[in-house]
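Trainee: This is the structure I want to talk about, given as structure tokens.
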Amino acid sequence: MARIGLNQKKWLLLLHLLFSAIMLGGAVIFLVLSIVAANTDDAGIFTACYTAMHALAKTSVRASTIGTIVTGVLLSVWTHWGLFRYYWIIAKEVLTLVAVLLGPIGMYVWTLQALTIARAEGLAAVENPAFLVNSGQLWTGIVLQVLSLFLLFLLSVFKPWGKRKR
């Protein structure tokens, strides 16, 4: 396994932190826009919230997720941490899978459905059973995404559970 120098590690870690921060920021933006959409009586704002969420799902959510995964894997394999040496890294890998399923996949699908219905029906969408089911899925996805990202940060800082025994 190739090792990298201290300077390269710092740059790679900086990139990893930036991508991770963008992921968390995106999840918080989704939460804020969902709250605004749920509490507005303006059809334009309602539709704009879902338009913005869908645009983010197609762009920064995908880019930040890919960037975070690539830099995280490189940090693992190019440093002493490894991919499977520590329990906290394995837990991060599982949570990353959750974040991928919720972020680039779930958010894209749920915001596309919400946007399609919101554009067609405006505020009347909140009476549409398909919209309500989709909205529940979107809310659940957003909450789980924020929680999983919080746990990822927590694991990265505290590194619990130690090294696996061979």
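The values are calculated or read from the model by the stated rules, or taken from the named source; none is laboratory data. This one's a predicted model, so the numbers in the text were calculated from it and none came from an experiment. Cβ atoms come from the backbone with ideal geometry, glycine included; neighbour counts cover every protein chain shown. When the accessible area is computed, the model is the full protein with side chains, heavy atoms only, and any ligands, DNA or RNA have been set aside. Shrake-Rupley method; radii C 1.70, N 1.55, O 1.52, S 1.80 Å.
Trainee: Within region 42-60, find all residues whose amide N lies under 14 Å from a label point positioned 7 Å from the Cα of VAL36 along Cα-to-beta-carbon.
Mentor: Residues passing the 14 Å test: 42-56.
Trainee: Compute the length gained on full extension between VAL77 and ALA120: take 0.36 nm times their separation in residues and subtract their Cα-Cα distance, giving the result in nm to one decimal. Write down the numbers at each step before the final one.
Mentor: On the way: separation 43, 0.36 × 43 = 15.48 nm, distance 4.85 nm.
So the extension gain works out to 10.6 nm.
Trainee: Right, another one. I'd like the accessible area for THR71, computed on protein heavy atoms only with a 1.4 Å probe and all protein chains in place. Round to 10 Å², please.
Mentor: Solvent-accessible area, nearest 10 Å²: 10 Å².
Trainee: So, R0 is 25 Å and r is the distance between the beta-carbons of ARG85 and LEU13; what FRET efficiency does that work out to, to 0.05?
Mentor: Calculated value: 0.90.
Trainee: Roughly how many nanometres apart are two label points built 7 Å out from the Cα toward the Cβ at LYS163 and ALA130?
Mentor: Here the modelled spin labels are 5.6 nm apart.
Trainee: Normalized C-alpha radius of gyration of region 5-79, against 2.2 N^0.38 Å? Numbers along the way, then the final one.
Mentor: Values: Rg = 16.5 Å, N = 75, 2.2 N^0.38 = 11.3 Å.
Ratio of Rg to 2.2 N^0.38 Å for region 5-79: 1.45.
Trainee: Counting only protein heavy atoms and using a 1.4 Å probe, what share of the accessible area of the chain belongs to carbon plus sulfur, as a whole percent? Don't jump to the answer; show the numbers that get you there.
Mentor: Details: 6790 of 9310 Å².
About 73 percent, which is the carbon plus sulfur part of the accessible surface.
Trainee: Take every Cα pair under 8 Å in the chain that's 6+ residues apart, average their separations, divide by the length, and report that relative contact order as a whole percent. Spell out each step's value before the answer.
Mentor: Numbers: 171 pairs, mean separation 51.7, N = 166.
Contact order relative to length: 31 percent.
Trainee: Which Rg and Dmax, in Å, describe the Cα atoms of the chain?
Mentor: Final numbers for Rg and Dmax: 18.5, 60 Å.
Trainee: At 1.4 Å probe size, what's the solvent-accessible area of ILE117? Round to the nearest 10 Å².
Mentor: Looks like 30 Å² after rounding.
Trainee: Please report, for the Cα atoms of region 124-166, the Rg to one decimal and the Dmax as a whole number; what are they, in angstrom?
Mentor: Using the Cα atoms of region 124-166, the pair Rg, Dmax is 17.9, 59 Å.
Trainee: So for region 38-98, what are the equivalent ellipsoid semi-axes in whole Å, largest first, each being the square root of 5 times an eigenvalue of the Cα gyration tensor? Don't skip to the end; give the middle numbers.
Mentor: Working: eigenvalues 279, 32, 7 Å².
They are 37, 13, 6 Å, listed largest first.
Trainee: Would you list TRP88, TRP161, TRP78 from the most to the least accessible area, probe 1.4 Å? Kindly include the intermediate steps, with their values, before the conclusion.
Mentor: Details: TRP88 15, TRP161 160, TRP78 95 Å².
Descending order: TRP161, TRP78, TRP88.
Trainee: Leaving out ligands and nucleic acids, and using a 1.4 Å probe, what accessible area per residue does the chain come to in Å²?
Mentor: Values: 9310 Å² over 166 residues.
Value for the chain: 56 Å² per residue.
Trainee: Then there's this: So what does log10 I(q)/I(0) come out to for region 86-136 at q = 0.23, 0.25, 0.31, 0.32 Å⁻¹, using the Debye formula with one equal point on every Cα and no solvent?
Mentor: So the normalised log intensities work out to -0.78, -0.85, -1.05, -1.08.
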